[in-house]
2 protein chains.
Amino acid sequence: MTTGDIVNRLRICAADGSKAEKRLAEIILADISYASKAPIADLALRAGVSEPTVTRFCRALGCEGVRDFKFQLAQVLAIGGLYLFPEPLVRDERDARVLDAVSDGATAAMQRVRDVIDMSVVNAVAEMAVNAKHICAYGSGGVSSMGAVEMQNRLFRLGLPIVGHTDGQMQRMSAAVCDKHSLIFAISASGQANSVIESVGIARQYGARTVAITSPDSDLAKEADVALPFIIAPDTQLFKPTSGRYALLFIIDLIAMTTAELIGPSVLEGLRRIRISLSGLNMSDPGRPVGD
Amino acid sequence: MTTGDIVNRLRICAADGSKAEKRLAEIILADISYASKAPIADLALRAGVSEPTVTRFCRALGCEGVRDFKFQLAQVLAIGGLYLFPEPLVRDERDARVLDAVSDGATAAMQRVRDVIDMSVVNAVAEMAVNAKHICAYGSGGVSSMGAVEMQNRLFRLGLPIVGHTDGQMQRMSAAVCDKHSLIFAISASGQANSVIESVGIARQYGARTVAITSPDSDLAKEADVALPFIIAPDTQLFKPTSGRYALLFIIDLIAMTTAELIGPSVLEGLRRIRISLSGLNMSDPGRPVGD
DNA sequence: TCAAAAATGAAAGAAACTTACGTTCATTTG
DNA sequence: CAAATGAACGTAAGTTTCTTTCATTTTTGA
């Protein structure tokens, strides 16, 4: 019983375990946040079992003891969020198919990025971002323009001087005022978007560093200094929105997180200020992600 | 002393605290992973202080006690950045951490949606979308405005008359011209965004159907006819972009795909035309997702 | 059906944390 | 300058929480 994360193991236990184990697993899954903090006496009482059973249960799940078990629950909560982990609902076939299509597509798209992305390039890009005096993100079309906006959204929080442009003319115009301290993020799923390619050419002419997030070996990839390959698989399912967006978001998050860590704790000050500035909008719930 | 996350507070303490506090904070920061599991007797010994001092120290940092303190350390570690580690992480290890943090977060967020989403609501929403004469998507702020734009992007391809508004005034204005054939998608991660809540109120007054994609039981959820719960976990890791965006994208895709299937094969005609119209932009690669 | 094995609980024990209280040391006040 | 004050800290004695031991019950398999 050491398969997957602790929640998965709990699920398996809730299904296959002995009577006492089932009850315990159910109680815990029903409220992980509670279970991660409650003393085992409470848990034992709720599940109607004895305390030693709880200890044994934790060991059976591959933990060193109750404390280690709680430690792992805390970590799961940190990643998965502080909400409950209810049993997945039973679906009818059609609903399940839609859910699977979207979810499998998204997961696969991100997995592909994981497999192929060159983190040394990401690190290099983060370094460029930190050192740039002026950053632009270009993207046109449904997927790529979202990318440009997101890139702006993620980096501006870190205090970086970034502007996203989804309009072709604005892209060209802003490229024309670049210099060697500028950094361009050029995003295009196809690698064929004319305005983006041209803008990269213009910006380079004036000495800007250019990073393309695009299809490998595309025109755009060739035009830029650095390319992060981003493959959008042709959609087999015509009704399903393309899962490439998840891959793009993933790459953007990698860049944002790497950049944030490069900058170090001082970015927290910027995030704090943003949060304070939102308090005037009645959205100051602390602990909530910054900016709705 | 309740500013920022626990690590930040430890840092402050290491700088400003009393003699014993400084020593403790240093010991802990030097190896958070150890500190999160060691009994306080060990910590006390290492820092050359007494056990009660450790307890008091934890309280001073805003924790309920030592156990709560360790709980928080565990959470920080789960997604911790490189700056948490005593020795700078080797590049590979650090890269793996960043990849894991982003990818696990995204996967968990989507899994959550899978587990709890009520597909009968999604189906009902799709039906509303198909029958509406006029659809608006509202969202403000980094996460939710992306949602509004994406909603527009996904549904307009299906030939539906949708407009996304991320500007508060435009939201109110467009809400004011709704009638009973209108459908509103109101997106807000917090459920507190004033312009969105008010616009829903206005639109309902004129007979529009309203769908909220928002935090359950929030003000916005109460204001709308139908609510799709969308929980964003509080950010425990300030450096990591919130993974809630993946959950939101996921919900939007579910709605888009369900709607597309409801409309049936005729949507393909719309997609075909969009593709043709792009050919003038040199982006007509067939088999590629429509619209970059 | 019976014996062996597994599962469970009660109670005692060990570990970890907290409280109560007293000492020290720096600071303030008369 | 000395006494008073109070913050910081440690000692020792709780208290809580978890674990072990061992006896009992339940299940399994021949």
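Roughly how big is the B-A contact, given as buried accessible area in Å² (both sides, 1.4 Å probe, nearest 100)?
Numbers: alone 15580 and 16150 Å², together 23770 Å².
In total, chains B and A hide about 8000 Å² from solvent.
Just how much of A:Arg94 is accessible, in Å², when a 1.4 Å probe is used and the result is rounded to the nearest 10?
A:Arg94 exposes around 100 Å² with every protein chain in place.
Run the 1.4 Å probe and let me know the accessible area of B:Asp100, rounded to the nearest 10 Å².
Approximately 60 Å² of B:Asp100 is accessible to the 1.4 Å probe.
Give the nm distances, rounded to one decimal, from B:Ile12 to the matching residue in every other copy, measuring between label points 7 Å along Cα toward the beta carbon; shortest first.
4.4
Of all trypsin sites (Lys or Arg not before Pro) in segment A:1-61, which ones are in loop regions per DSSP and have a Cβ with at most 11 other Cβ atoms within 10 Å? Provide the component values of the computation, followed by the final result.
On the way: sites: A:Arg9, A:Arg11, A:Lys19, A:Lys22, A:Arg23, A:Lys37, A:Arg46, A:Arg56, A:Arg59; in loops: A:Lys37.
In loop regions of segment A:1-61 (DSSP not H, G, I, E or B), there are no sparsely surrounded trypsin sites (Lys or Arg not before Pro).
How well do other chains shield peptide B:246-255, expressed as the mean number of their Cβ atoms within 10 Å of each residue Cβ?
Taking all residues of B:246-255 together, the mean is 5.
So if I take the centroid of the Cα atoms in segment B:166-185 and the same for segment A:132-176, what is the distance between those two points in Å?
Going from one Cα centre to the other spans 28 Å.
Give the Rg (one decimal place) followed by the Dmax (whole number) of segment B:25-159, computed from C-alpha coordinates and expressed in Å.
For segment B:25-159, the Cα-based Rg and Dmax read 23.6, 73 Å.
Residues with beta-carbon under 9 Å from that of A:Tyr206, excluding A:Tyr206: net charge, scoring Lys, Arg +1 and Asp, Glu -1?
The answer is +1.
For segment B:114-279, go through all pairs of different Cα atoms, get the mean of 1/r, take its inverse, and jot down that Kirkwood value in Å.
Numbers: mean 1/r = 0.0630 Å⁻¹.
Computed over Cα pairs of segment B:114-279, the Kirkwood hydrodynamic radius comes out at 15.9 Å.
Is the C-alpha gyration tensor of segment B:81-196 telling us rounded, prolate or oblate? Criteria: a/c under 1.5 is rounded; beyond that, a/b larger than b/c is prolate, otherwise oblate. Each step should come with its number before you reach the end.
Details: a/c = 3.15, a/b = 2.16, b/c = 1.46.
Since a/c reaches 1.5 and a/b is larger than b/c, the shape of segment B:81-196 is classed as prolate.
Can you list the distances in nanometres, one decimal and ascending, from the B:Ala60 label point to the identical position in each other copy, with the point 7 Å along Cα to Cβ?
4.4
Tell me, what % of the accessible area of segment B:6-78 is carbon and sulfur with a 1.4 angstrom probe?
Numbers: 1680 of 3280 Å².
Of the solvent-accessible surface of segment B:6-78, carbon and sulfur hold 51 percent.
Output, in nm with one decimal and in ascending order, the distances from the A:Val121 label point to the matching label points of the other copies (7 Å from Cα along Cα-to-Cβ).
Here A:Val121 shows inter-copy label distances of 4.0 nm.
How much accessible surface area, in Å² rounded to 10, belongs to the heavy atoms of A:Glu21 with a 1.4 Å probe?
A:Glu21 has an accessible surface of roughly 50 Å² with all protein chains in place.
Residue by residue through B:91-97, how many Cβ atoms from other chains fall within 10 Å of the Cβ on average? Mind dumping the intermediate values first?
Values: counts 3, 2, 0, 4, 8, 2, 2.
Taking the mean over all residues of the peptide, I get 3.
The values are calculated or read from the model by the stated rules, or taken from the named source; none is laboratory data. Note that the structure is a prediction, hence the values are computed from the model and not measured. Positions of Cβ are backbone-derived with ideal geometry, glycine not excepted, and every protein chain shown enters the neighbour counts. Accessible surface is based on the protein model in full, side chains and every heavy atom, while ligands, DNA and RNA are left aside. Shrake-Rupley method; radii C 1.70, N 1.55, O 1.52, S 1.80 Å.
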